[in-house]
């Protein structure tokens, strides 16, 4: 009541907190905190009366005084906070996406990953949140992106969610946003969206049954061109299509009959050594070296063959399956025919196995046993003299 009765223009101390005044100027009334920093008098506004009542003004003044006690200038802290907010809002999701993809592309073994990230996010995320500040994106915004495709394009939607989560995490580390990630799954979106495994069928790469692999290999070996030879090499070594298509002469160790793939060419980002069977070595010996390229199976332009080139070989021969499916053929054969331990076949496929069993194999005769397994596979799928 005393405050409301004040009429005289000027600054009136109201007590409760040192330096707290009510400033009356014409028809306006506002709270002011007066203090000194480095010998300079400062005035800080704390809001207008009666919108901010006396009790609230005193509470605000106490908080600012606490900063003073810690050696901080409350006005400088307020300005810095505003600047931080401006900086946060300056980065849109689209800008964050581009910068995040650029920073992470160095860790991806396949250059296509960056393009895949860009394509999916451009199609599904940017129309809704592309121009939003990363600091303002909420769970509701994420749901607007995901819900239209969650049950119809579940695998794509899952990847979109994971990529948005990564980008927002990246922005948080750079202090462009704060708080929990609205795109996180555990304990958050999993409560709001159906589990992907419940709304979609898992589609595996179509594979040639291992019992039919010898006939398929024989038919492929009768073709001409690097597409067929690269596919044969992939089958014999049980590697991924891209690893076979990108095989280099400099990766072949003739003395140890070993193909050594560097970490940057592997999905798991670990060096992978492939023992070469006698059939694989014979295939390499028959393969001409092309001047101007280190590729073993180059295209006519001396570039790596496309995955479609290998798929086209199988399609022309009416072989039901895809090149990558031969890894499944090898795995089934290793399990059902060779009775190879799981750790052995998984290592042959360059799958990452974080277990004590793997560690034991690494210390033991894993490479020698893998060499024996790969020779058995070659003898099965490409028997000499048949």
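The values are calculated or read from the model by the stated rules, or taken from the named source; none is laboratory data. Just so it is clear, the model here is predicted, and its values are computed rather than measured. Don't worry about glycine lacking a Cβ; one is built from the backbone with ideal geometry, like all the others, and counts go over all protein chains shown.
Laid out as a table, the results:
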item	result
Count of residues meeting criterion [loosely packed, with under 13 Cβ neighbours inside 10 Å and assigned to a strand (DSSP E or B)] in region 12-39	4
Selection status of residue 278, more than 32 Å from the chain's Cα centre (by Cα), surrounded by fewer than 19 Cβ atoms within 10 Å (Cβ to Cβ), touching a residue at least 60 places away in the same chain (Cβ under 8 Å) and at negative phi	yes
Answer residue from region 117-142, given it is out of contact with any helix residue (DSSP H, G or I) (no Cβ under 8 Å at 6 or more places or on another chain) and assigned to a helix (DSSP H, G or I) and is surrounded by the fewest Cβ atoms within 10 Å (Cβ to Cβ) among those	140
Any chance residue 66 is surrounded by fewer than 17 Cβ atoms within 10 Å (Cβ to Cβ) and out of contact with any helix residue (DSSP H, G or I) (no Cβ under 7 Å at 6 or more places or on another chain)	yes
Boolean, residue 303 is in contact with a strand residue (DSSP E or B) (Cβ under 9 Å, 6 or more places away or on another chain), surrounded by fewer than 13 Cβ atoms within 10 Å (Cβ to Cβ) and either closer than 23 Å to residue 216 by Cβ or at pLDDT below 95 (or both)	yes
Qualifying residue in region 173-183 (condition: surrounded by 17 or more Cβ atoms within 10 Å (Cβ to Cβ), at pLDDT below 95 and assigned to a helix (DSSP H, G or I))	no
Tabulated pairs, region 161-180, first assigned by TED's automatic domain parsing to the domain that holds residue 129 and free of Cβ contacts under 8 Å to residues at least 12 places away in the same chain, second surrounded by fewer than 19 Cβ atoms within 10 Å (Cβ to Cβ) and part of a loop (DSSP other than H, G, I, E, B), C-beta under 7 angstrom, 6+ apart or interchain	172/178
Residue list for region 151-161, filter: over 23 Å from residue 113 (Cβ atoms) and in contact with a helix residue (DSSP H, G or I) (Cβ under 7 Å, 6 or more places away or on another chain)	151
For residue 186: the one exception among (1) in contact (Cβ under 8 Å) with a residue 12 or more places away in the chain; (2) outside any loop (DSSP other than H, G, I, E, B)	(1)
Any hit, region 327-350, residues being touching a residue at least 24 places away in the same chain (Cβ under 8 Å), in a loop (DSSP other than H, G, I, E, B) and under 15 Å from residue 242 (Cα atoms)	yes
Matching option when the condition is surrounded by fewer than 17 Cβ atoms within 10 Å (Cβ to Cβ) and in contact with a strand residue (DSSP E or B) (Cβ under 9 Å, 6 or more places away or on another chain), among 266, 285, 258	258
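Residue-by-condition table, conditions (1) touching a strand residue (DSSP E or B) at 6+ places or on another chain (Cβ under 9 Å); (2) in a strand (DSSP E or B); (3) on the phi > 0 side of the Ramachandran plot:
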residue	(1), (2), (3)
42	yes, yes, no
46	yes, yes, no
57	yes, no, no
63	no, no, no
76	yes, no, no
